[in-house]
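Engineer: Attaching a single structure in structure tokens format; questions to follow.
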There are 2 protein chains.
Amino acid sequence: MKDRKLLMIPGPVEFTPEVIRAMGMFTTSHVAPDFIEVFGQALERLREVFLCPQGQPFVIAGSGTLAMDIAAANLIEPGDKALVVNTGYFGDRFAAILERYGAEVTQVKAPAIGDAPPLDEVEAALQSGSYKLMTITHVDTSTAVKADVKGLAAVGRRYGALVVVDGVCAVAGEEMRQEEWGIDLALTASQKAICVPPGLALVVAGPRAMEAFRKRQTPVGNYYADWNNWLPIMEAYEARQPSYFGTPPVNLIWALNVSLGQILDEGMEARFARHRRLSRAFKAAVAALGLKQLPLSADKEATTLTAIYYPAGVDRTVLGYIKEAGVIVAGGLHPAIKAQYFRVGHMGVVSAADILTTVGAIEQGLARAGYQFEPGTGLAAAQAVLCESS
Amino acid sequence: MKDRKLLMIPGPVEFTPEVIRAMGMFTTSHVAPDFIEVFGQALERLREVFLCPQGQPFVIAGSGTLAMDIAAANLIEPGDKALVVNTGYFGDRFAAILERYGAEVTQVKAPAIGDAPPLDEVEAALQSGSYKLMTITHVDTSTAVKADVKGLAAVGRRYGALVVVDGVCAVAGEEMRQEEWGIDLALTASQKAICVPPGLALVVAGPRAMEAFRKRQTPVGNYYADWNNWLPIMEAYEARQPSYFGTPPVNLIWALNVSLGQILDEGMEARFARHRRLSRAFKAAVAALGLKQLPLSADKEATTLTAIYYPAGVDRTVLGYIKEAGVIVAGGLHPAIKAQYFRVGHMGVVSAADILTTVGAIEQGLARAGYQFEPGTGLAAAQAVLCESS
């Protein structure tokens with residue numbers, strides 16, 4: 001009997017054995033020639049994964065929130081106006097972070113939980129004020145709502161705002177083309193679709209973001225996040241030179257380089273397609289089981305994550321049953337409806353087998369919770385999508 | 001032929017197989033019951049390792065510099081006066097960090113590199129201004145100078161300053177008794193004498209520091225470092241409850257808990273004594289080889305680290321020879337004399353065998369660099385100390 005449960009939460013996700021092996025290597029010096037090579041390579045690969053050939057990557061020990069903090073602290077000066085396109089919990093957080101560094105924040109909020117602000121409302125807001133910066137949460141981990149990053153970025157650019165994308169639950173899973181779409185800064189954390197254990201904040205800043213940083217009149221409000229400290233370090237490692245500001249998280253960076261290599265071996269287009277297909281299979285199962293998703297319409301559903309309301313008569317005790325059936329899924333996160341839904345992450349190295357395993361465990365959990373449905377309905381719906389010729 | 005070199009730099013240091021195994025475990029959810037237990041235990045153990053039974057521990061993804069940033073951002077309000085006892089590079093850094101959050105910083109600098117500011121000069125400075133906070137670098141990793149933390153903390157307290165100790169190259173190696181010595185906040189990073197790969201900022205704040213934080217009139221300048229975000233999380237994990245602010249670096253925290261357990265199994269008194277004995281053995285070898293240390297007197301020499309001037313006719317190429325002889329040591333770090341010295345870390349799980357191996361490799365390197373000495377002189381001097389009855 002295998003004891004280990006499948007981890008299908010929105011991060012940490014499942015990691016490959018090669019990544020785990022890199023985590024468990026004896027730690028090298030942060031200025032050892034082989035580590036310098038690995039760090040340099042990881043920076044180069046990050047540019048490819050973000051599809052941002054001219055970007056400046058930053059890899060810094062911290063969580064995804066640090067990555068948001070890095071974006072805000074380096075790009076905002078006191079009094080700057082910032083627009084937050086809010087699709088949930090992490091939009092609220094970005095607003096709080098921007099305000100911390102002195103921004104005057106305007107939020108365009110989704111009309112309801114599960115919805116996203118309409119593009120024309122965002123455009124109206126951009127028209128009415130001159131915003132230095134605009135933030136978009138690509139996938140809000142609290143609601144599984146996906147924003148129309150391509151459309152929003154185009155509008156933001158048209159009105160001269162720096163476009164910042166919180167891609168924490170998205171990068172390397174959701175389709176994102178940083179340079180082509182005009183995104184000035186994109187960020188994520190290691191434990192999501194990047195497939196590395198938690199502990200790394202990852203940021204790629206485009207030329208306009210770096211220029212805005214260089215033109216600052218005031219010091220960056222946050223010392224640890226300050227690009228003045230980190231830029232020379234990233235440049236040095238990429239030039240395969242030793243350098244020091246803070247000791248980099250050596251094992252995590254070895255693991256990052258392994259994972260980025262695996263991501264690029266698959267190829268970004270194939271990876272986007274796999275995520276779309278597996279998400280469609282999982283969501284087909286959810287629908288076939290008569291369950292309702294949090295996002296109000298299909299175009300707003302994330303491909304990395306599904307948020308599902310508990311059906312009538314079922315509550316979070318079902319999560320324990322699903323776990324006993326072998327799969328760990330996550331509870332709700334959005335404060336307003338936390339107890340009413342659960343979340344399933346399906347990003348990174350996720351496979352068709354993982355989808356079937358997860359649907360199977362959810363069916364078993366629901367049955368045990370007394371929910372009425374024909375066992376196998378979800379599996380059959382998922383399988384129908386998985387058997388489509390691609 | 002074993003390929004792996006012994007890592008004798010001032011961090012990352014050598015780690016135990018158990019710690020490395022924890023790093024390479026399949027990652028659990030950050031709210032899994034077993035991880036909650038591990039995180040809670042690690043927080044309790046941190047209090048014991050810092051000898052601060054009433055302290056509030058914080059474990060946050062980041063480097064040692066983040067730990068310094070956390071101390072400054074949470075304790076300083078704009079206009080506060082801060083005194084930095086400067087013994088090298090990391091004193092300069094603390095001053096820069098404190099200024100970032102609006103402190104008016106006064107520095108008492110060592111009269112020369114390798115020296116520490118005299119206690120009476122620090123007292124005179126404290127007398128002349130009303131300082132909210134005073135920082136001490138326990139061991140400056142750039143110079144291997146150890147400050148008299150006990151004496152300085154007593155003086156700082158007498159004048160009402162919060163005493164903050166940068167223990168990055170010290171905690172769990174150098175003797176430090178946070179509560180008994182009246183230290184209000186002590187901090188370190190995982191990759192030093194705590195013996196966990198880099199990626200964790202570790203802070204223990206005493207009651208006076210927490211009180212100063214609670215009495216703030218202005219928001220904390222740094223969002224990611226803000227205790228308002230982290231305090232509820234640390235309290236929740238210690239109460240064995242799930243909670244979320246940012247995803248904790250799961251593998252590093254598993255490894256931390258393993259290492260803290262090993263540290264406490266040895267016992268803090270035994271650990272301090274071992275560090276003293278091995279440092280004395282290594283420094284006896286250095287002296288017997290006719291090499292000069294950076295610290296100007298024995299009472300200012302760190303026990304976790306030794307900084308050694310290259311003898312006449314020898315430069316940093318000797319570090320390559322030492323490496324080929326099997327041991328990695330570090331170059332200089334203090335900007336003013338960077339090319340004139342090297343550094344050997346001997347902290348954490350360091351053993352008598354490591355000391356002999358290191359002295360042996362240094363002798364071989366020096367011989368190859370053309371330095372004149374009787375081979376074995378260093379080894380014999382170290383061995384004399386190691387054979388003393390303890």
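Any read-out appearing in this document is the output of simple, stated calculations on the displayed coordinates, not a laboratory observation. Not measured: the values here are computed from a predicted model. Heads up, the Cβs are rebuilt from the backbone with ideal geometry, glycines too, and the neighbour counts pull from every protein chain shown.
Engineer: What shape does the protein assembly as shown take by its C-alpha gyration tensor, where a ≥ b ≥ c are the square roots of the eigenvalues and a/c under 1.5 counts as rounded, a/b above b/c as prolate, and the rest as oblate?
Structural biologist: Verdict is prolate for the protein assembly as shown.
Engineer: Once the label point is placed 7 Å from Cα along Cβ, list for residue B:112 the distances to the corresponding points in the other copies, in nm, shortest first.
Structural biologist: Those label-point separations list as 7.8 nm.
Engineer: Pairs of alpha-carbon atoms within less than 8 angstrom and 6+ residues apart define the contacts here; what relative contact order does segment B:302-390 have, in percent?
Structural biologist: 33
Engineer: Taking beta carbons within 10 Å but only from partner chains, what does the mean come to for residues A:55-65?
Structural biologist: Mean number of neighbouring Cβ atoms from other chains: 4.
Engineer: Would you grab the residues whose amide H sits under 5 Å from the one on residue A:103? Only those 5+ places off in sequence or on another chain, please, with H modelled 1.01 Å from N.
Structural biologist: A:79
Engineer: Starting from the coordinates of the alpha-carbon atoms of segment A:122-181, obtain the Kirkwood hydrodynamic radius over all distinct pairs and give the value in Å to one decimal.
Structural biologist: By the Kirkwood definition, the hydrodynamic radius is 11.9 Å.
Engineer: Okay, next question. What does the copy distance list look like for residue B:331, label position 7 Å along Cα→Cβ, in nm and ordered from shortest?
Structural biologist: 5.2
Engineer: Something else: Which of rounded, prolate, oblate describes segment A:1-90, given a ≥ b ≥ c as roots of the alpha-carbon gyration tensor eigenvalues and a/c under 1.5 marking rounded, otherwise prolate only if a/b is larger than b/c?
Structural biologist: Details: a/c = 2.36, a/b = 1.31, b/c = 1.80.
Oblate.
Engineer: Under a 5 Å amide H to amide H cut-off, with H placed in plane at 1.01 Å, what residues pair with residue A:84 once short-range neighbours are removed?
Structural biologist: A:106, A:107, A:108, A:135
Engineer: When Lys and Arg each count +1 and Asp and Glu each count -1, what net charge do the other residues less than 15 Å away from residue B:362, Cβ to Cβ, add up to?
Structural biologist: +2
Engineer: If you average the C-alpha positions of segment B:1-41 and of segment A:192-247 separately, how far apart do those two centres end up, in angstrom?
Structural biologist: Here the two parts' Cα centres lie 26 Å apart.
Engineer: Once R0 is set to 35 Å, what does the formula 1/(1 + (r/R0)^6) return for the Cβ-Cβ distance between residue A:384 and residue B:244, expressed as a FRET efficiency to the nearest 0.05?
Structural biologist: Efficiency for this residue pair is about 0.45.
Engineer: What are the residues whose amide H is under 5 Å from the amide H of residue B:56, where those residues sit 5 or more places off or on another chain and H is modelled from the backbone?
Structural biologist: B:205, B:206
Engineer: What fraction of the DSSP beta bridges in segment B:17-266 is antiparallel, stated in percent and rounded to the nearest 5?
Structural biologist: Antiparallel bridges make up about 40 percent of those DSSP assigns within segment B:17-266.
Engineer: Once phi is turned into θ = phi - 60°, what whole-Hz ³J(HN,Hα) does the Karplus curve with 6.51, -1.76 and 1.60 give for every residue of segment B:134-141, x standing for Gly and Pro?
Structural biologist: 9, 10, 10, 8, 4, 10, 7, 4
Engineer: Output the antiparallel fraction of DSSP beta bridges having both residues in the protein assembly as shown, as a percent to the nearest 5.
Structural biologist: Restricted to the protein assembly as shown, the bridges split so that about 50 percent are antiparallel.
Engineer: Continuing with the same structure: Residue by residue, what Karplus-based ³J(HN,Hα) values in Hz, rounded to whole numbers, does segment A:287-301 have, using 6.51, -1.76 and 1.60 with θ = phi - 60° and x for Gly and Pro?
Structural biologist: Here the 3J(HN,Hα) series is 5, 4, 7, x, 9, 10, 8, 5, x, 6, 8, 4, 5, 9, 7 Hz.
Engineer: Can you sort B:377, B:137, B:87 by how many other beta carbons sit within 10 Å, fewest first?
Structural biologist: Lowest count first: B:377, B:87, B:137.
Engineer: Would you list B:157, B:316 from fewest to most Cβ contacts within 10 Å?
Structural biologist: Least crowded to most crowded, the residues run B:316, B:157.
Engineer: Would you mind classifying chain A by shape? Square roots of the alpha carbon gyration tensor eigenvalues, ordered a ≥ b ≥ c; an a/c under 1.5 is rounded, otherwise it is prolate if a/b is larger than b/c and oblate if not.
Structural biologist: Because a/c hits 1.5 or more and a/b fails to exceed b/c, chain A counts as oblate.
Engineer: Let me ask something additional. Just to be sure I understand: chains A and B are related by a rotation, so which residue of A has its Cβ closest to that axis, and how close in Å?
Structural biologist: A:24, 1
Engineer: Provide the FRET efficiency to the nearest 0.05 for the residue A:217-residue A:374 pair, computing r from the beta carbons and using R0 = 60 Å.
Structural biologist: 0.35
Engineer: What list of ³J(HN,Hα) values in whole Hz, one per residue of segment B:102-116 in order, does the Karplus curve 6.51 cos²θ - 1.76 cosθ + 1.60 (θ = phi - 60°) give from phi, with Gly and Pro shown as x?
Structural biologist: x, 6, 8, 9, 10, 10, 9, 9, 4, x, 8, 4, x, 10, 10
Engineer: log₁₀ I(q)/I(0) of segment A:229-293 at q = 0.24 Å⁻¹, via Debye over equal Cα point scatterers, no solvent, to two decimals?
Structural biologist: These q points yield log10 I(q)/I(0) values of -1.01.
Engineer: Which one of B:368, B:271, B:208 has the biggest mean-square fluctuation once chain B is modelled by GNM with Cα springs under 10 Å?
Structural biologist: Its mean-square fluctuation being the largest, the pick is B:368.
Engineer: Separate question: Taking each residue in B:364-372, count the Cβ atoms of any other chain within 10 Å of its Cβ, then average. What number comes out?
Structural biologist: The shielding value for this peptide is 0.
Engineer: I'd like the orientation of helix B:227-238 relative to chain B: the angle between its Cα long axis and the longest Cα principal axis, in ° from 0 to 90, rounded to 10.
Structural biologist: 80
Engineer: OK, next. Which Cα, out of A:304, A:55, A:237, lies furthest along the positive dipole direction of chain A (beta carbon charges, K/R +1, D/E -1)?
Structural biologist: Going by the charge dipole, the pick is A:304.
Engineer: For all pairs of alpha-carbon atoms in segment B:284-345, what percent lies in each bin of width 5 Å, listed from the first bin to the last filled one?
Structural biologist: In order of increasing distance, the bins hold 4, 16, 28, 31, 16, 5, 1 percent.
Engineer: For B:5-11, what's the mean count of beta carbons from other chains sitting within 10 Å of each residue's beta carbon?
Structural biologist: 3
Engineer: From the P(r) of segment A:23-160, could you give the percentage of C-alpha pairs in the tail past 17 Å?
Structural biologist: 66
Engineer: Next question, about the same structure. Any chance you could tell me what percent of the C-alpha pair distances in segment B:32-71 go past 16 Å?
Structural biologist: Pairs farther apart than 16 Å: 47 percent.
Engineer: Of the options B:108, B:168, B:328, report the single residue whose Cα projects farthest towards the positive end of the charge dipole of chain B (beta-carbon charges: Lys, Arg +1; Asp, Glu -1).
Structural biologist: So the residue furthest toward the plus end is B:328.
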